[in-house]
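The values are calculated or read from the model by the stated rules, or taken from the named source; none is laboratory data. It should be emphasised that the depicted structure is a prediction, and the values quoted were computed from it without experimental measurement. Cβ coordinates were reconstructed from backbone atoms using ideal geometry, including for glycine residues, and neighbour counts include every protein chain displayed. Accessible surface areas use protein heavy atoms only, side chains included; no ligands, DNA or RNA. Shrake-Rupley method; radii C 1.70, N 1.55, O 1.52, S 1.80 Å.
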Amino acid sequence: MATSSVSKGCFVFKPNFKKRKISVPVEDYFNKGKNESEDSKLRFETYQLIWQQMKSETEQLQEELNKNLFNSLIEFLQQSYSGFHKNSRDWGCQIKLREIPTAALILDMKHFLQKLVSKLMNCCVDEESKEESIQVTQKKTFCSMDSLSSWYMSVTQKTDPKLPRKKRTSSSQWQSPPVVLILKDLESFTTKVLQDFIIISSQHLHEFPLILIFGIATSPIIIHRLLPHAVSSLLCIELFQSLSCKEHLTTVLDKLLLTTQFPFKLSEKVLQILTNIFLYHDFSIQNFIKGLQLSLLEHFYSQPLSVLCCNLSEAKRRINFLSENQCENIRRLPSFRRHVEKQASEKQVALLTNERFLKEEIQSLLENLHVYHTNYFLVLRCLHQFTSSLPKYPLGRQIRELYCTCLEKNIWDSEEYASALQLLRMLAKDELMTILQKCFKVFKSSSEKQLGSTAKRIEEFLAQFQSLDEAKEEEDTSGLQSKGLQKTDLYHLQKSLLEMKELRRTSKKQTRFEALREKVVNFIDSLVREYLLPPETQPLHEVMYFSAAHTLRAHLNAAPRIALHTALNNPYYYLKNEALKSEEGCIPNVAPDICIAYKLHLECSRLINLVDWSEAFATVVTAAEKMDANSITSEERNEIIHARFIRAVSELELLGFIKPTKQKTDHVARLTWGGC
C-alpha cells in the first residue's frame with residue numbers, strides 16, 4: 001500500500017507585497033484611438049482649464065439669479081404673513097383674506113426649490129450631487145411629515161412661547177406663522193388631489209393660514225388648464241419670473257460664447273442643435289450647459305490643433321513648440337489652404353516648406369482671429385440694439401437669434417436684413433438717439449482700441465442730432481401752412497392739408513433730420529458688412545470652432561428606433577462575434593432568435609401569417625445544424641424550435657414591432673416600416 005507524504009500537499013502562500021491596481025492616466029483615455037498622442041495631456045489640461053472657467057461663470061450667474069429670486073420670495077412671504085394680521089372690515093380686504101396666497105415660479109426650479117426648503121426649515125431634502133462628478137451620488141436625509149410638523153411647531157413656539165397651538169384672537173388675525181407648501185413641479189402633481197386640497201384649505205384658512213409656492217415650466221396659463229375656474233379663483237397668484245427661459249438662455253450664451261474671454265466657440269449648426277433641444281424639449285439650462293461641455297470635450301478630443309485653443313499669449317508660446325506633424329495638420333486645414341492660395345507664389349512656397357516662416361504666419365493669423373472676435377461681438381451688440389425693437393423683429397428679438405443668423409451666412413444678403421434697414425429709415429429722432437446712446441456705451445465699454453473711431457463717430461452723430469436747427473424746420477413748416485390755411489372753413493382746411501401732404505410726398509429734397517438718419521443707417525450697414533463676416537471666412541477658425549454637429553446630435557438626440565433596427569438587423573454591430581458576419585440579405589442561423597424572427601418579418605407585408613413565419617424560422621434555425629439522432633428526437637426538436645419562435649415573437653410584440661389583429665386570428669400586424 002502506497003503512503004502519501006505531507007510534502008506532496010498543496011499550500012497557499014500570501015505574497016509579501018500588495019498587488020497594486022494599475023491606473024491608466026486620464027489623458028490616455030482622452031486620446032484613445034488617435035494617432036496624434038504627443039500633445040494629448042496638454043489638450044486635456046487645456047480642456048479642464050477652460051471648462052472650470054466656464055463652470056465658475058455659470059455658477060456665479062445662477063447664484064445671482066437664485067439670490068434675487070429668493071429675496072423676492074422672502075418678501076412675498078413677509079407680505080402675505082402681514083396680510084393675515086390685517087383686521088379690516090373693508091369688503092375688498094375680507095375677500096382677499098379668503099384667498100390662498102400663491103407664488104408661481106416660472107423656470108427650471110427643481111434645484112432652487114430644494115435649496116429654498118433647506119433654508120426655510122434648516123432641513124435637507126434629496127439633492128443630487130454635482131452633475132460634473134464622474135460617479136453620481138445622492139445625499140438623503142429625512143424630510144418626513146413628523147420632521148415638518150416638529151419644525152412648524154418649533155417656529156410657532158419661537159414666535160410666541162406662551163401661545164398654545166392653533167390659538168387665535170379673532171377670525172382674521174393670526175398668532176402663528178402660516179404653513180408654506182412647496183410643490184417643485186405643478187404639472188406632475190395629481191390634479192384631483194391638488195383641487196381637493198385647495199378647496200379644503202380655503203375653507204379652513206381661519207384656522208390654518210396657508211401659503212403655496214410651486215414651480216411651473218412654461219407659462220402661468222398651465223395653472224388655469226390644470227385647475228377649473230372655481231378652484232383657481234381661490235388662489236391669489238403672484239408670478240415670480242426673474243428671467244424667462246429664453247432670456248436665461250440668452251444670458252448664458254452672452255456670458256460664455258458672445259465674449260472673447262473664452263476662445264472656444266460653436267458653429268451655427270451645433271448652436272442650433274443645443275438651442276432647439278432647450279426650446280422644444282426640456283427648457284433646462286443645466287442640460288444646455290451639459291451639451292456645451294460635451295461640445296468642448298469633443299472638440300479637444302477630435303481636433304489635434306485644439307492645443308492652440310487658449311488665450312492669445314499662451315497660444316503664441318505653444319506655436320513655437322509645434323512638431324512637424326502638427327505643422328502639416330495646419331497646412332491641411334481648408335481655411336489655411338484658401339489663405340495660401342491668395343498669397344504670392346514666393347510666400348506660398350515659404351508657407352508650405354519653411355516651418356519657421358509658417359509659425360510666424362500662424363501667430364499673425366491667430367492675432368487677426370482675436371481681433372476679428374473682438375470687433376465681431378461689439379458690432380453684433382450694436383446691430384442688436386438697432387433691430388431688437390423693430391416691429392415683428394425681422395432679425396429676432398434675442399441676440400442669440402441674430403448671432404445664429406450671422407454665423408450661418410452673410411447677413412446683409414438676407415431679406416430680413418433689408419427689411420430691417422427699411423424700418424430703421426423710418427425711426428423717429430428720439431428713438432434713434434436712444435439707440436445711438438446704447439451703442440456708444442457698447443463701444444466705450446470695450447478696452448480694445450480697434451473700434452475706437454467708431455465710438456467717436458457715434459458721438460458725433462449724437463451731437464449733430466442735438467444741434468439740428470429745429471427752428472428753421474418749424475419756420476418752413478409754418479410757411480407752408482400759412483399758404484394753405486388762410487381760409488378757416490372746414491372744406492378749405494382739409495384741402496390745404498391734402499395739398500401739403502402731396503407737396504411733402506413729391507418733394508425730393510430731404511430734411512436735415514432725414515439726411516442725418518440716412519447717414520446713420522448707412523454707417524451701421526458699413527460696420528455690418530465689414531465686421532460681421534461668417535467665421536468660415538477666417539483662416540484657422542477650425543482651431544476655435546467646434547462644427548461636428550452630427551457627432552453632437554448622435555450623443556444628445558436619442559434615436560431608439562434606429563438603435564433597435566441596427567441591433568436586430570445586424571447583431572454583429574454590437575456583439576462583435578465573427579460568426580454573426582453575413583452578406584447583405586442573408587440570415588445567419590447562429591444569430592439570436594429575435595434577430596432571425598425580425599429579419600424574416602421585414603420580408604412580409606402588413607399582415608404576417610404566423611404559420612408561414614414559424615416554418616421560415618424553423619428552416620433558418622435548422623439549416624446546417626448537426627443533430628444527433630440518438631440524443632433528441634425530431635418531435636422534441638420541433639417543440640424546442642416552436643418554443644424559441646414563440647418567445648421571439650413575444651419579444652417583438654413587447655418592443656412594439658407587431659401586434660395581434662382581429663382581422664385574422666392566425667395573423668399579426670406589422671407596426672413599423674410599412675405597417676399599420
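Observations
- The set of residues in the stretch 575-605 that are in a loop (DSSP other than H, G, I, E, B), surrounded by 14 or more Cβ atoms within 10 Å (Cβ to Cβ) and in contact with a strand residue (DSSP E or B) (Cβ under 9 Å, 6 or more places away or on another chain) contains only CYS604.
- Residue in the stretch 330-338 that is without any contact (Cβ under 8 Å) to a residue 60 or more places away in the chain and either open to solvent by 70 Å² or more (accessible area, probe 1.4 Å) or touching a Ser or Thr at 6+ places or on another chain (Cβ under 8 Å) (or both) present: yes
- Filtered by the rule that a residue be of a type in the set (S, T, N, Q) and open to solvent by 20 Å² or more (accessible area, probe 1.4 Å), the stretch 368-404 gives ASN368, GLN385, SER388, SER389, GLN398.
- Filter pass, LYS347 being among the basic types (Lys, Arg), open to solvent by 50 Å² or more (accessible area, probe 1.4 Å) and out of contact with any Asp or Glu (no Cβ under 9 Å at 6 or more places or on another chain): no
- Out of LEU533, LEU527, LEU552, one residue alone is within 30 Å of LEU423 (Cα to Cα), part of a helix (DSSP H, G or I) and either free of Cβ contacts under 8 Å to residues at least 12 places away in the same chain or open to solvent by less than 90 Å² (accessible area, probe 1.4 Å) (or both). It is LEU527.
- Test: residue in the stretch 354-366 that is more than 30 Å from LYS41 (Cβ to Cβ), of a type in the set (S, T, N, Q) and not in a helix (DSSP H, G or I): no
- Within the stretch 290-305, residues that are farther than 13 Å from ILE50 by Cβ sit with their Cβ atoms under 6 Å from residues that are buried (at least 20 other Cβ atoms within 10 Å of the Cβ), at 6+ positions apart or across chains, in these pairs: GLY291/LEU274; LEU305/VAL543.
- Hits in the stretch 250-302 - residues which are part of a loop (DSSP other than H, G, I, E, B), modelled with pLDDT of 90 or more and open to solvent by 40 Å² or more (accessible area, probe 1.4 Å): THR260, GLN261
- Count of residues meeting criterion [in contact with a Lys or Arg (Cβ under 9 Å, 6 or more places away or on another chain), without any contact (Cβ under 8 Å) to a residue 60 or more places away in the chain and not in a helix (DSSP H, G or I)] in the stretch 306-321: 1
- Output for the stretch 419-430, where each listed residue is part of a helix (DSSP H, G or I) and loosely packed, with under 14 Cβ neighbours inside 10 Å: GLN422, ASP430
- Residue ID - most open to solvent (accessible area, probe 1.4 Å), chosen from residues in the stretch 536-549 that are under 22 Å from the mean Cα position of the chain (by Cα) and hydroxyl-bearing (Ser, Thr, Tyr): SER547
- Among the residues making up the stretch 350-367, those that are of a type in the set (A, V, I, L, M, F, W, C) and open to solvent by 20 Å² or more (accessible area, probe 1.4 Å) are ALA350, LEU352, PHE357.
- Among the residues of the stretch 644-665, those that are of a type outside the set (Lys, Arg) and more than 39 Å from the chain's Cα centre (by Cα) comprise PHE645, ILE646, ALA648, VAL649, SER650, PRO660, THR661, GLN663, THR665.
- Qualifying residue in the stretch 316-333 (condition: modelled with pLDDT of 95 or more and of a type in the set (Gly, Ala, Ser)): no
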